[in-house]
1. Identify all residues within region 27-51 that are crowded, with 17+ Cβ neighbours inside 10 Å and under 13 Å from the mean Cα position of the chain (by Cα); write none if there are none.
2. For region 78-123, name all the residues that are buried (at least 20 other Cβ atoms within 10 Å of the Cβ) and among the hydrophobic types (A, V, I, L, M, F, W, C).
3. Determine which single condition residue 184 fails, assuming it passes every other condition in (1) at pLDDT 95 or above; (2) touching a Pro at 6+ places or on another chain (Cβ under 9 Å).
4. Which of the residues that make up region 46-57 are farther than 16 Å from residue 91 by Cβ and not in a strand (DSSP E or B)?
5. Restricting to region 181-217, count the residues that are in a loop (DSSP other than H, G, I, E, B) and within 18 Å of residue 82 (Cα to Cα).
6. Answer with yes or no whether residue 9 is over 20 Å from the mean Cα position of the chain (by Cα), outside any loop (DSSP other than H, G, I, E, B) and either modelled with pLDDT of 95 or more or more than 20 Å from residue 176 (Cα to Cα) (or both).
7. Would you say residue 35 is aliphatic (A, V, I, L, M) and at pLDDT 95 or above?
8. Return yes when residue 182 is hydroxyl-bearing (Ser, Thr, Tyr) and closer than 20 Å to residue 92 by Cα and no when it is not.
Amino acid sequence: MGKIALLFAMFFLPAVVFASIPAVQVTPLAPVSKVLKKQLLGTPVYIQIFKEERTLELYGKIGTEYRLLDSYRICNFSGGLGPKRHQGDFKSPEGFYSIGLSQLKPDSRFYRAINLGFPNEYDRQQGYDGKYLMIHGDCVSIGCYAMTDANIEDIYHYVEAALRNGQLQVQVSIYPFRMTDSNLQRHRNSVYYNFWKQLQPAYAEFVQYHQPPNISVSDGHYVLNSPLLNSTAPSNSALAFSEIK
């Protein structure tokens, strides 16, 4: 009887122990309500793009954190996964970019357009070249991120309002996919793996702190700087709420 009890304990104990360890899962974030989204027009914004998931996420600042305002289906991008390197390679860029007012194109032949500012400092240090890489409408891409006209209208509206309301630059983080360990492992044999490893810390930073990552470039590599957790001063926008109810 004692042996049976021992075998019983040995069989079931691991299940009990491991059941107490929570599984790490990535669940899609729910956007704020439509009512709150409208109220947040003019607050600072942040954009994340995920190629593999064909998703653009627009975040707005509420208090000291950035919350998902909306998620948009990317109509089209070109060249598959991996960074843009040269003019004419038809690839859509990956990495960290920023947008100022001068990069907004309200009269684009693709309805509305936002110039990403490629090449950035990292791209230039790599010797990459190209120009006019955009987020735009019309659903057609030869290196850009094409949206439906309705979606780019919405994105453009919030980016422009944020910049006109005092935000100096809107940061855009462009990833090949959601940068989880399991996704990186799935792509471990890619020629772009080492480049993608440089992007992952910024993704993890935003997941943890809900603040756009503070990125610089050093010796041809993206570097994640210390999080700007002391940026608790009120936003220039009167719409950056300190509470959500």
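The values are calculated or read from the model by the stated rules, or taken from the named source; none is laboratory data. Note that the structure is a prediction, hence the values are computed from the model and not measured. Backbone-built Cβ (ideal geometry, glycine too); neighbour counts: all protein chains shown.
1. Result: 45, 46, 47, 48, 49, 50, 51.
2. Passing the criteria: 96, 99, 113, 114, 116, 118.
3. Here residue 184 clears every test but (2).
4. The answer is 53, and nothing else.
5. Taking region 181-217 and keeping what is in a loop (DSSP other than H, G, I, E, B), we get 187-192, 210-214.
From what is left, the residues that are within 18 Å of residue 82 (Cα to Cα) are 187-192.
Residues flagged as in a loop (DSSP other than H, G, I, E, B) and within 18 Å of residue 82 (Cα to Cα) within region 181-217 amount to 6.
6. Numbers: over 20 Å from the mean Cα position of the chain (by Cα): yes; outside any loop (DSSP other than H, G, I, E, B): yes; either modelled with pLDDT of 95 or more or more than 20 Å from residue 176 (Cα to Cα) (or both): yes.
In short, yes.
7. Values: aliphatic (A, V, I, L, M): yes; at pLDDT 95 or above: yes.
So residue 35 fits the description; yes.
8. On the way: hydroxyl-bearing (Ser, Thr, Tyr): yes; closer than 20 Å to residue 92 by Cα: no.
So residue 182 fails the test.
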